[in-house]
Every structure is written in C-alpha cells, then in structure tokens.
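> What follows is a single structure, and I will ask about it in a moment.
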Amino acid sequence: MLTDGRILTAADGSSARSFHVHDGFAIRWFQKLGGQVVIISGKDSPAVYARARELGITHVIQGSTDKLRDIAPVLAAIGVDLSQVAMIGDDLPDLPIMRRCAFPIAVANAVAEVQAAARYVTARAGGDGAVREAVEQILRAAGRWQEVLEHYGATVESGTS
C-alpha cells in the first residue's frame, strides 16, 4: 500500500496521491536484492504510474476489477507462482490474492477482514511507511536485511538477521 487510500481531487477534476519516501527506499532495496515488484490497483491513477516509473517498477496493473485474474498473466510472464508471492493489501478486493499467496500482509489501516486474512499486520498505515516495514520483514526472513544495514554502516541489531 503505497498510499493512504485518499484521493485529493482539485476543482478541475484532477487528482493527486502522496507517497512515503521510506516505502520507495525499501522497494529499491528489494529490487536491488533480486525481488520483483508488481503494483495492482482497482483505481487508475497517473500518479501511481509516475511513482512506479520513478522506482523502476515495470509491472503496474490499474483499473483492476478482479485482481486475482489480472495478476496471473504478469506472474506467468516473470515466472513467479502465487506460492512465492507476498501481497500487501488493505481492502476486500485484495482478499482473493491474499488467500492464495505465500505471505499475505495487511497494513494497519486495512479493513478487519483483510487483517484477519493476513499472516502479518504492519504497525504503520498504508501510505505511512507500511511497505517499508513489510519489505524489511520479508528481507529479514530471507536473511538479507543485514546487507542493507551493512551498506550504510548501520549497527546490526542483536538477535536479528
């Protein structure tokens, strides 16, 4: 969840979204360490395309009315099965993928049904660093977070990878 779900609409009908810089940082590292990122949304927003381009995310699906159906060809094209996917969701349309993926994640401001389906619920809300938190969890579980810390000369926390 790169946004907080709010859509800012101007008098001329144009809209805007805001994105958290920490999320972008984590996505870049995830990609640098070999991860693939797919954005899938029910809304169609030029701002999301722009942010995806900025982050080097080439797989963007917007205007989806059936996320499970719509993500299948993208996963097939990149050679990834749902059993290898982590999904970050916040609302009911995310449930079909969350129920079938390897690691369903809900953001703190997700609806109750999505939180109940998640294996991990972030402490941070969507649009407020939740993606950063989720990516860190994934990289820690894979034993790769230490590489990020070492790159910046950060102290490795005791008891963590």
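Bear in mind these aren't lab numbers, they're just calculated from the coordinates by the rules spelled out. Here the structure is a predicted model, which means the values were calculated and not measured. Every residue, glycine as well, gets a Cβ built from its backbone with ideal geometry; the counts of neighbours run over all protein chains shown.
> Going through region 61-83 one residue at a time, which ones are small (Gly, Ala, Ser) and either more than 13 Å from Pro93 (Cβ to Cβ) or part of a helix (DSSP H, G or I) (or both)? Give the steps one after another, and end with the answer.
Just the residues of region 61-83 that are small (Gly, Ala, Ser), to begin with: 63-64, 72, 76-77, 79, 83.
If the condition is that a residue be small (Gly, Ala, Ser) and either more than 13 Å from Pro93 (Cβ to Cβ) or part of a helix (DSSP H, G or I) (or both), then Ala72, Ala76, Ala77, Gly79, Ser83 are the ones that fit.
> OK, next. Considering region 84-102 alone, what residues qualify as being surrounded by 18 or more Cβ atoms within 10 Å (Cβ to Cβ) and either part of a strand (DSSP E or B) or among the polar types (S, T, N, Q) (or both)?
Hits for region 84-102 are Ala86, Met87, Ile88, Gly89.
> Among the numbered conditions (1) surrounded by 12 or more Cβ atoms within 10 Å (Cβ to Cβ); (2) touching a residue at least 12 places away in the same chain (Cβ under 8 Å); (3) closer than 25 Å to Leu139 by Cβ, tell me where Gly42 comes up short.
The one condition Gly42 does not meet is (3).
> Still on this structure, I have one more. Residues being farther than 24 Å from Gly13 by Cα and either in contact with a strand residue (DSSP E or B) (Cβ under 6 Å, 6 or more places away or on another chain) or crowded, with 16+ Cβ neighbours inside 10 Å (or both): count how many of those fall in region 45-74.
So the answer is 8.
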